[in-house]
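Working notes for the structure below.
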Amino acid sequence: MYYTQRFVSMYYTQRAAFISLTSIIICDLLGLEKLTNAFGLLTLARGISGIFGPPLGGAVFQATNSYDASFYLAGGILIAGALCHYVLQLPCLRKKKKSIDMVFDEPTGYGDIHPPDLPTEPFSIEQISEKT
């Protein structure tokens with residue numbers, strides 16, 4: 001009994017982190033303007049996997065009379081999805097690396113910049129009250 005409770009509490013703690021971080025990760029990868037479309041497509045993919053996953057696992061169990069093949073199939077699909085995600089993320093990683101390289105290649109010149117509203121010489125309170 002206690003093992004089941006521990007497993008369920010760990011599973012749903014990790015599931016809650018997965019669900020709560022989904023929007024943040026999508027926004028970080030695709031930007032705020034594409035968040036709604038990407039979240040809709042992700043929800044569609046989750047729905048399709050929720051509809052077809054259990055019957056597929058049941059069909060594999062009936063064909064092999066063992067749950068091992070169902071778990072191996074689920075693991076294989078998970079690994080294939082992770083590989084697809086990695087391949088699809090490569091252009092984003094290249095674009096980020098290119099933009100970081102461009103930022104560091106430009107001269108900064110921070111020593112020459114003075115904010116326009118602040119004077120560069122020392123000033124007193126009287127000078128400030130005269131301007132207002």
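Derivation of every value follows stated rules applied to the coordinates shown; laboratory data play no part. Since the structure is predicted, the reported quantities are computational estimates derived from the model, not experimental observations. Quick reminder, even Gly has a Cβ in these numbers, built from the backbone with ideal geometry, and neighbours come from all protein chains shown.
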- Query: Under the condition of being within 20 Å of residue 95 (Cβ to Cβ) and of a type in the set (Val, Ile, Thr), which residue from the range 20-44 is surrounded by the most Cβ atoms within 10 Å (Cβ to Cβ)?
  - Reply: 26
- Only one of 29, 21 is free of Cβ contacts under 8 Å to residues at least 24 places away in the same chain and part of a helix (DSSP H, G or I), namely 21
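Being under 21 Å from the mean Cα position of the chain (by Cα) and not polar (S, T, N, Q) narrows it down to one residue among 61, 71, 52, 39; which is it?
Within the list 61, 71, 52, 39, the selection yields 39.
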- Query: Considering 80, 59, 17, 69, which residue is over 21 Å from residue 93 (Cβ atoms) and either hydroxyl-bearing (Ser, Thr, Tyr) or exposed (fewer than 11 other Cβ atoms within 10 Å of the Cβ) (or both)?
  - Reply: 17
- Query: Quick one: is residue 51 among the hydrophobic types (A, V, I, L, M, F, W, C), within 23 Å of residue 85 (Cβ to Cβ) and either in contact with a Gly (Cβ under 8 Å, 6 or more places away or on another chain) or exposed (fewer than 11 other Cβ atoms within 10 Å of the Cβ) (or both)?
  - Reply: yes
